[in-house]
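Asker: One structure, as C-alpha cells, below. Some questions next.
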Amino acid sequence: MRLRLLTTAVVTAMALSACGSDAEEPSATADQESDGPATRSVTHVLGTTEVPVDPQRVVTLDTPHLDTALALDITPVGSVHSDVATGFPEYLGERTEGIEPVGTIEEPNLESIAALEPDLILSSSVRHEDIYDELSQIAPTVFTDYTDGWRSMFTTTADALNMAEAGTDALAGYDARVDEVGAAVGAEGATASIVRFLPEETRVYGPETFSGSLLADVGFTLPQLEYDEYSMAYVSAELIDQADADIVFSTTYGDPAATTKDGITAVWDFLEAVPDCAFEVADDEWMLGIGLIGAEVVLEDIESTLNGSDCL
C-alpha cells in the first residue's frame, strides 16, 4: 500500500494538470511552419533544444529518464537495457511492457533508435555526450547531468515531457513520504552508510548520490569522507572502517563472486553495525533506479528493514 502512495499522487497530479493545460502549455515557436508540430524550448546541460509540445514517441537511454517517464504515466516507445540485467530494471515490473529495446546503456543502437522514429530522446551527458550530435540528428535530444542530483534530473526530464507541474506535485508527495519514513524508523540523529561491491573496487556512497540522498532526506547522517565529483569514495579492505555507522546497507553489482564482496565482508566484523544492523539490499533498486519510482522502492526498503529492528 505504501509503495503505491506516490504513484497514486502522480496520477492525481496529472489529472489536475490536464484540467489547466490551456494555461500551462507554452505557445508554439513563433517562426514554426503552420503544418508542423508545435514546439517549445527546453534548457538542459548541453544547451537549449526545441522539443514537441506533446511528445508522442519518446526514447530513453538511461534509467533515470525511463523511471521518470513511467512515473509520469508516459510509456517510451524505446529504451536501453542495463549492463547487468538481461532486460529493463526489475523494480519497474510490468510498467515496461511494450517498450522496444534499443541496445544497452553502454552501447545504444542508433539504427534501432532511428527506426522507432522518435520525436524526443532523453539521456544524460555522463553516458552519451559523445553521441549527442548523432542523436540530435534523429530527434530533438535533451540531456541531464548526474552531478546535479536525481531531483534536478527528474525536473528537467519532466519539463522536456511538458509535465513540469505534475513533476512538482510528485516531488511534494516524495517529501511527505520521507518525513513519514524518517519518523517511523527514528532516523533523526542516527548514522547510516551505503557500501557497493563492484569488480576490483568498493565504493561508499555519499549524500549527493541517489540512494545517499534518500537516506539523508529520511534523516540519517552519512560518513564525512573525501567524495569525488559523483559523491563517491573508494575504500579498500584496510579502510572499510570509513563506512562504519549505526546502519550499513550494501549492494552488489553483478555476480558477487566477481566483486570485492567476499574480501571486504571477511574482515568487516569489527564494524559497529555488523552483523545485526548490516543489511544487503538490491543493487537494481538502490543504484539503477535514480528516479521517483526507484525512490518509492528504496523508502519502502528502509522502512520495512528497520521497523521492528533493534538498530536504532
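The values are calculated or read from the model by the stated rules, or taken from the named source; none is laboratory data. Predicted model only: the values in this text are computed from it and were never measured. Counting neighbours? That spans all protein chains shown, and the Cβs are built from the backbone with ideal geometry, glycine included.
Asker: Search region 253-291 for residues being part of a helix (DSSP H, G or I) and out of contact with any Asp or Glu (no Cβ under 8 Å at 6 or more places or on another chain), and hand back the single one that is nearest to Pro199 (Cα to Cα). First the steps, then the outcome.
Answerer: Initially, region 253-291 is screened for residues part of a helix (DSSP H, G or I), giving 256-258, 261-265, 283-286.
Checking which are out of contact with any Asp or Glu (no Cβ under 8 Å at 6 or more places or on another chain) leaves us with 257-258, 261-265, 283.
Working: Ala257: 9, Ala258: 6, Lys261: 9, Asp262: 11, Gly263: 11, Ile264: 12, Thr265: 14, Asp283: 14 Å.
Checking each candidate, the answer is Ala258.
Asker: Then there is this: Take the conditions surrounded by 15 or more Cβ atoms within 10 Å (Cβ to Cβ), out of contact with any Lys or Arg (no Cβ under 6 Å at 6 or more places or on another chain) and assigned by TED's automatic domain parsing to the domain that holds Asp283 and apply them to Tyr230. Does it pass? Steps first, answer last, please.
Answerer: Values: surrounded by 15 or more Cβ atoms within 10 Å (Cβ to Cβ): no; out of contact with any Lys or Arg (no Cβ under 6 Å at 6 or more places or on another chain): yes; assigned by TED's automatic domain parsing to the domain that holds Asp283: yes.
Here the answer is no, as Tyr230 does not meet what is asked.
Asker: Of the numbered conditions (1) closer than 30 Å to Ala38 by Cβ; (2) touching a Ser or Thr at 6+ places or on another chain (Cβ under 9 Å), Ala172 fails exactly one; give the number of that condition.
Answerer: (2)
Asker: What number goes with the only condition from (1) under 17 Å from Trp150 (Cα atoms); (2) out of contact with any helix residue (DSSP H, G or I) (no Cβ under 6 Å at 6 or more places or on another chain) that Ala170 does not pass?
Answerer: (2)
Asker: Sticking with this structure for a sec: Quick one: Gly78 ticks every box in (1) in contact with a helix residue (DSSP H, G or I) (Cβ under 9 Å, 6 or more places away or on another chain); (2) closer than 20 Å to Trp150 by Cα except a single one, so which number is it?
Answerer: In the conditions (1) in contact with a helix residue (DSSP H, G or I) (Cβ under 9 Å, 6 or more places away or on another chain); (2) closer than 20 Å to Trp150 by Cα, Gly78 misses (2) alone.
Asker: Test each condition in (1) basic (Lys, Arg); (2) surrounded by 14 or more Cβ atoms within 10 Å (Cβ to Cβ); (3) modelled with pLDDT under 95 for Arg4 and report the one that comes out false.
Answerer: (2)
Asker: Would you call Thr144 among the hydroxyl-bearing types (Ser, Thr, Tyr), within 19 Å of the chain's Cα centre (by Cα), modelled with pLDDT of 95 or more and buried (at least 20 other Cβ atoms within 10 Å of the Cβ)? Walk me through it before giving the result.
Answerer: Values: among the hydroxyl-bearing types (Ser, Thr, Tyr): yes; within 19 Å of the chain's Cα centre (by Cα): yes; modelled with pLDDT of 95 or more: yes; buried (at least 20 other Cβ atoms within 10 Å of the Cβ): yes.
Spelling it out, Thr144 is indeed among the hydroxyl-bearing types (Ser, Thr, Tyr), within 19 Å of the chain's Cα centre (by Cα), modelled with pLDDT of 95 or more and buried (at least 20 other Cβ atoms within 10 Å of the Cβ).
Asker: Restricting attention to region 76-100, and to residues there that are of a type outside the set (A, V, I, L, M) and in a helix (DSSP H, G or I), which single residue is nearest to the chain's Cα centre (by Cα)? First the steps, then the outcome.
Answerer: Applying the first criterion (of a type outside the set (A, V, I, L, M)) to region 76-100 yields 76, 78-79, 81-83, 86-91, 93-98, 100.
Checking the rest, the ones that are also in a helix (DSSP H, G or I) come to 90-91, 93-96.
Values: Glu90: 14, Tyr91: 12, Gly93: 15, Glu94: 18, Arg95: 15, Thr96: 15 Å.
For region 76-100, the residue satisfying everything is Tyr91.
Let's see how each residue does on (1) in contact with a strand residue (DSSP E or B) (Cβ under 7 Å, 6 or more places away or on another chain); (2) of a type outside the set (Ser, Thr, Tyr); (3) within 18 Å of Val126 (Cβ to Cβ):
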| site | (1), (2), (3) |
| --- | --- |
| Thr48 | yes, no, no |
| Pro52 | yes, yes, no |
| Pro55 | yes, yes, no |
| Thr63 | no, no, yes |
| Thr75 | no, no, no |
| Ser79 | yes, no, yes |
| Gly87 | yes, yes, no |
| Tyr91 | no, no, no |
| Thr96 | no, no, no |
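Asker: Could you identify the single residue in Ser250, Ser213 that is assigned to a strand (DSSP E or B) and within 26 Å of Glu200 (Cα to Cα)? Can you show your working first?
Answerer: Details: Ser213 fails: assigned to a strand (DSSP E or B).
Criteria check complete, one pass: Ser250.
Asker: Here is a further query. From Ala243, Ala257, grab the single residue that is touching a Pro at 6+ places or on another chain (Cβ under 7 Å), at pLDDT 95 or above and outside the structural domain of Arg151 (by TED's automatic domain parsing). Explain how you work it out, then say what you get.
Answerer: Details: Ala257 fails: touching a Pro at 6+ places or on another chain (Cβ under 7 Å).
Answer to the check: Ala243.
Asker: Go through region 101-133 and give me each residue that's in a helix (DSSP H, G or I), surrounded by fewer than 18 Cβ atoms within 10 Å (Cβ to Cβ) and of a type in the set (D, E, K, R).
Answerer: Across region 101-133, the qualifying residues are Glu111, Glu129, Asp130, Asp133.
Asker: Does region 201-219 hold any residues that are charged (D, E, K, R) and in contact with a Ser or Thr (Cβ under 7 Å, 6 or more places away or on another chain), and which are they?
Answerer: As a first pass, look at region 201-219 and keep what is charged (D, E, K, R): 201, 203, 208, 217.
Within region 201-219, Glu201, Glu208 qualify.
Asker: When you scan region 82-92, do you find a residue that is among the polar types (S, T, N, Q), surrounded by 14 or more Cβ atoms within 10 Å (Cβ to Cβ) and either over 27 Å from Tyr174 (Cβ atoms) or modelled with pLDDT of 95 or more (or both), even just one?
Answerer: Here is the first cut: in region 82-92, the ones among the polar types (S, T, N, Q) are 82, 86.
After this cut, where a residue has to be surrounded by 14 or more Cβ atoms within 10 Å (Cβ to Cβ) as well, the list is 82.
Checking the rest, the ones that are also either over 27 Å from Tyr174 (Cβ atoms) or modelled with pLDDT of 95 or more (or both) come to none.
Checking region 82-92: not a single residue is among the polar types (S, T, N, Q), surrounded by 14 or more Cβ atoms within 10 Å (Cβ to Cβ) and either over 27 Å from Tyr174 (Cβ atoms) or modelled with pLDDT of 95 or more (or both).
Asker: If you go through region 262-296, how many residues are within 18 Å of Pro207 (Cα to Cα) and of a type outside the set (Gly, Ala, Ser)?
Answerer: The first filter runs over region 262-296 and keeps only residues within 18 Å of Pro207 (Cα to Cα), leaving 281, 283, 285-292, 294-296.
Within this subset, residues satisfying the condition of being of a type outside the set (Gly, Ala, Ser) are 281, 283, 285-288, 290, 292, 296.
So the count comes out to 9.
Asker: If you scan region 150-186, which residues turn out to be at positive phi and either surrounded by fewer than 18 Cβ atoms within 10 Å (Cβ to Cβ) or assigned to a helix (DSSP H, G or I) (or both)? Full working, then the answer.
Answerer: So in region 150-186, the residues at positive phi come out as 162, 186.
Once the filter is applied, which keeps residues that are at positive phi and either surrounded by fewer than 18 Cβ atoms within 10 Å (Cβ to Cβ) or assigned to a helix (DSSP H, G or I) (or both), region 150-186 yields only Gly186.
Asker: Scan region 236-250 and tell me whether some residue there is of a type in the set (D, E, K, R), free of Cβ contacts under 8 Å to residues at least 12 places away in the same chain and surrounded by fewer than 19 Cβ atoms within 10 Å (Cβ to Cβ).
Answerer: Yes, some residue in region 236-250 is of a type in the set (D, E, K, R), free of Cβ contacts under 8 Å to residues at least 12 places away in the same chain and surrounded by fewer than 19 Cβ atoms within 10 Å (Cβ to Cβ).
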